[in-house]
Amino acid sequence: MAEHHYIAENHPGSVKQTLHGPKNGNDQFDQVWLTPGGRYVVIEAKSSIKTRLGGRNLPTGRRVSQGSQEYFFDIIREMKDRGKTIKSEDDLAEALKTALKHGKLDYVVVKGDTNAPAYNGHHYQRFDLSKRSLP
């Protein structure tokens, strides 16, 4: 849904970036796209509007939610770690950090509408990475 509807409708012509995280989807964003205008779109995809955001434990032991500044930078840290052996993962992590710094990054959650078994629309929300999570 995020790929075939949100990206197609809001960022046509964008190119999906290859992610090298584990097959189970942990320690990575769900999708990363580069728009024709040079913006990056990072997506956390959820099948339903009822699906809650995930979370992760930081190395400090603190638990943070998807969409938070801390979550974003912890995934970047994981990408940089994989980048020690996979150069393209390191390059993408650096590109995302640079895009954020220059205001050229959108971090969104895309959720499917659950009113029907077939596609019935989607909802999305942009995350604000300018501030840290609440304690």
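Observations on the structure shown:
- Which of 4, 123 is most accessible, then next, and so on - probe 1.4 Å: 4, 123
- Volume of the convex hull of the chain (Cα atoms only), normalised per residue: 115 Å³.
- Violating pairs (Cα-Cα greater than 20 angstrom) within the set 23/46; 16/111; 50/97; 23/101; 23/84; 84/104: 50/97; 23/101; 84/104
- Whole-percent carbon and sulfur share, accessible surface of segment 17-135, 1.4 Å: 50 percent
- Short-range pairs are left out: with C-alpha atoms under 8 Å and at least six residues apart, the relative contact order of the chain is 26 percent.
- Farthest toward positive dipole pole in the chain [+1 Lys/Arg, -1 Asp/Glu at C-beta], among 60, 33, 83: 60
- Accessible area in square angstrom per residue, the chain, 1.4 angstrom probe: 57 Å²
- Residue-wise HN-Hα couplings along segment 65-80, as the Karplus relation 6.51 cos²θ - 1.76 cosθ + 1.60 with θ = phi - 60° gives them from phi, are 9, 3, x, 8, 4, 5, 4, 3, 6, 6, 5, 4, 4, 4, 5, 4 Hz; Gly and Pro carry x.
- Using the Cβ-Cβ distance between residue 102 and residue 23 with R0 = 35 Å, the FRET efficiency computed as 1/(1 + (r/R0)^6) comes to roughly 0.60.
The values are calculated or read from the model by the stated rules, or taken from the named source; none is laboratory data. Not measured: the values here are computed from a predicted model. Heads up, the Cβs are rebuilt from the backbone with ideal geometry, glycines too, and the neighbour counts pull from every protein chain shown. In case anyone asks, the SASA skips ligands and DNA or RNA and just uses the protein heavy atoms, side chains included. Shrake-Rupley method; radii C 1.70, N 1.55, O 1.52, S 1.80 Å.
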